Amino acid sequence: MSRRRSPFGRQQSLLSRYLLIIVAALLFIPVGIPLTFAGYSLFNLQTVEKPPEEYKLYSNIGALEEQWHQEALELSGQTPAAVDRRLEELSGSYPMASIFWVDGQGRTRMIHTPEDPQLQEQLGIDRIPPQWSAPEAIAFMKEAARQDPLAIVAFVGDRADAGEGFLVMQIPEKITEAYRFQSLGSWYIFMLLAFFALFVAVSWLFFTGIRKRLLRLQTAMSFPGGEGLPEPIAPGKGDEIGRLEEAFNRMVAELSVSRRREAEEEGLRKRLVADLSHDLRTPLTVIRSHLHVLGKEGLSRRGQESIQLMDERIESLSGLIDNLLSYNLLSSGRVTLNPERKDVLRIVRESAAAWYPLWEKEGFEVDISLEGEPLYWIVDESWFRRILDNLFQNIVRHARSGRYVGIDIVVREEGQAIVISDRGRGMDSSPGSAGAGLGLSIVDLLLKRMELVSETDSSAQGTTVTILQLPERNLNKI
C-alpha cells in the first residue's frame with residue numbers, strides 16, 4: 001500500500017507537522033510585526049482619503065524641523081528687521097502655517113497667520129502673548145510637545161544660550177490629522193488576538209484529528225465483527241497513526257487466516273474423533289461378547305482373572321470412547337442443553353444412591369451430608385447427572401487408595417455449594433491421572449454451558465471439587 005508523501009519527498013509525520021506549527025508561532029514576532037506594519041500602511045493607503053495638494057508642503061514634519069533649525073542658525077546675529085524680512089518670506093512659502101518669533105527681550109514679533117478663520121482658531125493666535133514670561137514660555141513648550149497644535153520651535157542661532165529669542169512655526173491640526181495614521185494599539189491587539197486564535201484553532205484541529213483517528217482505532221479494537229475479530233479500518237494518512245492502522249489491518253488479516261485455518265483443523269479433528277469413536281465401538285462390542293463366551297469355558301483361575309482384567313480394560317476403553325465422543329459433541333456445540341429450575345440436592349442424592357453399591361463393594365467409606373431445604377439451580381438434569389457420574393467415576397478409578405467419598409453441602413458468601421471430596425493421592429500423583437483429564441474436561445464444558453462455577457483443590461491428602469451457581473442465577477430464593 002502506497003503512502004502519501006510530503007512535497008519535500010519525506011513521509012508525513014505528526015512530529016514534523018506539529019513542529020511546523022511551533023515554528024510558525026515563533027516566527028510571528030520577527031516576521032509578523034513587519035508584515036503587520038506593511039499591512040497597516042497598505043490599509044491606510046487604501047482606506048484613508050488622500051489629503052489636498054496644498055497640504056503636501058506640511059506632510060514631512062521631520063524635514064520641516066530640519067529646515068526650521070537651519071533658518072534659525074542662519075539668522076544668528078541678524079537684526080530684528082532682517083529676521084522679520086526672512087520670516088515674511090517664509091510665510092509666503094507656507095501660507096497655511098502660523099509663523100512668528102520672540103526676540104531676546106521676550107517680545108512677540110512679526111506674527112504671520114493663515115487667512116482661513118478656522119485655521120486661525122485651531123492655531124490659537126489670540127492666545128499668543130505680546131510679552132512672554134518664563135511660565136508662559138514653559139506652558140507653550142509643553143503644548144508644542146503635545147502637538148496641540150503642532151509647533152516647531154528653534155532658538156535663533158540654534159542655541160538656547162544665544163539669548164536672541166526663538167522662532168515658531170505652527171501647523172494646524174487639520175493638516176497634521178490628514179497625515180496621521182490611526183493608533184497602532186488597537187490594531188496590534190487585534191492582530192495578536194487573531195494570531196493567538198489562529199494558533200489555538202490550528203492546534204485544536206491538529207490534536208482533534210489525532211484523537212478522532214485514535215478513537216476510531218480503539219473502537220475497531222473494542223468491538224469485534226461477525227467472526228469475533230476486529231473489523232479492518234480504512235487507512236488514513238501516511239504518518240505514525242496511518243502506519244499503526246496499516247499494522248492493525250495486517251494483524252486482523254493474519255488473525256482471520258489463522259482463525260479459518262484453526263476452524264478447518266478443528267473440524268477435521270472432530271470428524272476424525274467421531275469416525276474413530278464409531279469405528280471402535282463395533283470391534284470392542286465383538287471382543288467383549290467373545291470374552292463373555294470364553295469366560296463360560298472351563299478355564300483355570302488365572303485364565304478367569306485374565307479374562308476379567310481384559311473385560312475391565314475394554315469397559316474402561318469403551319467409557320473413554322464415550323467420553324471422547326461426548327467431548328467432541330460438546331466442544332463442537334452440537335449438543336443442546338435444556339436448562340430448567342431443578343432441585344440439585346435431589347439429583348445428587350439420587351446419583352449418590354446409584355453409586356453407593358459400587359462404593360460399598362470397593363470398600364469406600366461414604367460420608368454424605370445433604371440435609372436441608374431444596375436447593376434450586378438452573379441446570380439440564382441429564383447432563384448434570386453426567387457431571388456427577390464423571391466425578392464419582394474418577395474417585396473410583398483414580399482415588400481408590402483413599403477409600404473415601406465425601407458429599408456435602410456448604411454455605412459460602414456466594415451461596416450454597418456442593419462439595420465432593422476424596423482422600424486419594426491427588427490428581428497429579430494418582431496412577432492413570434492422565435486418563436481422568438478427558439472426563440474432567442467434559443465436566444468443565446458442561447459446567448460452563450450451565451453457567452456453574454467449579455473450584456478444584458488437589459493435594460497428596462486428597463481432592464476436593466466445589467460446585468456452585470453465581471448469585472445472579474441462583475433461584476433458591478424464588
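Conditions (1) of a type in the set (Phe, Trp, Tyr); (2) modelled with pLDDT of 75 or more; (3) surrounded by fewer than 17 Cβ atoms within 10 Å (Cβ to Cβ), marked per residue:
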residue	(1), (2), (3)
ARG159	no, yes, yes
PRO172	no, yes, no
TYR179	yes, no, yes
VAL200	no, yes, yes
LYS212	no, yes, yes
GLN218	no, yes, yes
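Among residues of region 334-364 being closer than 17 Å to LEU391 by Cβ and over 59 Å from the mean Cα position of the chain (by Cα), the one that is surrounded by the fewest Cβ atoms within 10 Å (Cβ to Cβ) is ALA353.
Just one residue in the set VAL405, VAL410, VAL366 is over 27 Å from ARG449 (Cβ atoms), part of a strand (DSSP E or B) and out of contact with any Gly (no Cβ under 7 Å at 6 or more places or on another chain); that residue is VAL366. The criterion of being under 30 Å from ALA82 (Cα atoms) and at pLDDT 70 or above does not hold for LEU193.
Of the helices (runs of 4 or more DSSP H) lying entirely inside region 1-102, the ones with 1 or more residues being more than 30 Å from PRO130 (Cα to Cα) and modelled with pLDDT of 80 or more are found at 14-26. Picking from LEU272, LEU276, LEU255, which residue would you name as being surrounded by 14 or more Cβ atoms within 10 Å (Cβ to Cβ) and modelled with pLDDT under 75? Matching residue, one of LEU272, LEU276, LEU255: LEU276. You will find that of ILE420, ILE387, ILE378, ILE409, the residue that is under 20 Å from ARG341 (Cα atoms), crowded, with 19+ Cβ neighbours inside 10 Å and under 51 Å from the mean Cα position of the chain (by Cα) is ILE387 and no other. Pairing each residue of region 344-366 that is assigned by TED's automatic domain parsing to the domain that holds ILE395 with any residue that is surrounded by 14 or more Cβ atoms within 10 Å (Cβ to Cβ) and acidic (Asp, Glu), provided the two are 6+ apart or on different chains, yields C-beta distances under 8 Å for ILE347/GLU381; SER351/ASP389; TRP355/ASP389.
The values are calculated or read from the model by the stated rules, or taken from the named source; none is laboratory data. Everything numeric in this text was worked out from a predicted model, so none of it was measured. So basically every Cβ, Gly included, is an ideal-geometry build from the backbone, and we count neighbours across all protein chains shown.
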